[in-house]
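Bear in mind these aren't lab numbers, they're just calculated from the coordinates by the rules spelled out. Not measured: the values here are computed from a predicted model. Counting neighbours? That spans all protein chains shown, and the Cβs are built from the backbone with ideal geometry, glycine included.
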Amino acid sequence: MIKLLKFIRKVNAKYLVILLLVVALSAFLRFYKLDWRAGFDADSEEIAFRALGILNGHPALLGPKTSVGGFAIGPLFSYLWAFFDLLFGTDPIVGSYLAVAVGVATTIAVYFAGKLFFDKKLGVILSLI
């Protein structure tokens, strides 16, 4: 807890509040009418069945195939989907929840990367983009 308070003091409170507002806006825009906008196609079906297999004790060594080149990406997304299946149940919209979580995490990561390489103001601007 003390380390967290020291970290908050290090980060200018004004930029932290702006970042929290950007993250809240980002999450709202991604969750807004998600059940209406979400789709479940063949790619999602493949990952969902692989995640169900992970939950049943069958580990995944390869991830889904890409549309360009047809090679398999890593299985991290399948394991993340399986984790979200544990949290929300085996509902097809779980993949959309996962996409929202990854998008919000990317917004936060872009802020910290912008702050690290440039400055806090540019980090906020990049996270808004």
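Taking a ≥ b ≥ c as the square roots of the eigenvalues of the alpha-carbon gyration tensor, the range 30-80 is classed oblate because a/c is 1.5 or more while a/b is no larger than b/c.
For the options LYS14, LYS33, LYS115, a Gaussian network treatment of the chain with springs between C-alpha atoms closer than 10 Å singles out LYS14 as fluctuating the most. Between LEU76, LEU52, TYR111, the Cα set farthest toward the positive side of the dipole of the chain (charges on each charged residue's Cβ, about the Cα centre) is that of TYR111. Classified by the C-alpha gyration tensor, the range 68-114 has an oblate form. Its axis ratio a/c, with a ≥ b ≥ c, is 1.5 or above, and a/b does not exceed b/c. Protection proxy ranking of 76-85, 120-129, by the mean of other Cβ atoms within 10 Å over each peptide's residues and highest first, is 76-85, 120-129. For the chain, set up a Gaussian network in which alpha carbons nearer than 10 Å are linked by springs, and say which option among LEU19, LEU55, LEU87 fluctuates the most. Highest fluctuation among the options: LEU87.
The residues neighbouring LYS121, those whose beta-carbon lies less than 15 Å from its own, together hold a net charge of +2 under the Lys/Arg +1, Asp/Glu -1 convention. Can you figure out the FRET efficiency of TYR79 with LEU29, using R₀ = 25 Å and their beta-carbon distance, to the nearest 0.05? With a Förster radius of 25 Å, E is 0.40. Each of (1) 31.8, 109; (2) 15.7, 48; (3) 17.9, 49 is a candidate for Rg and Dmax of the Cα atoms in Å; the one calculated from this structure is (3).
GNM on the chain, alpha-carbon springs under 10 angstrom: the most fluctuating residue among TYR32, TYR97, TYR111 is TYR32. Every helix of 4 or more DSSP H residues in the chain counts as -39500 (n - 2.57), and over all residues that averages to -22500 deg cm²/dmol at 222 nm.
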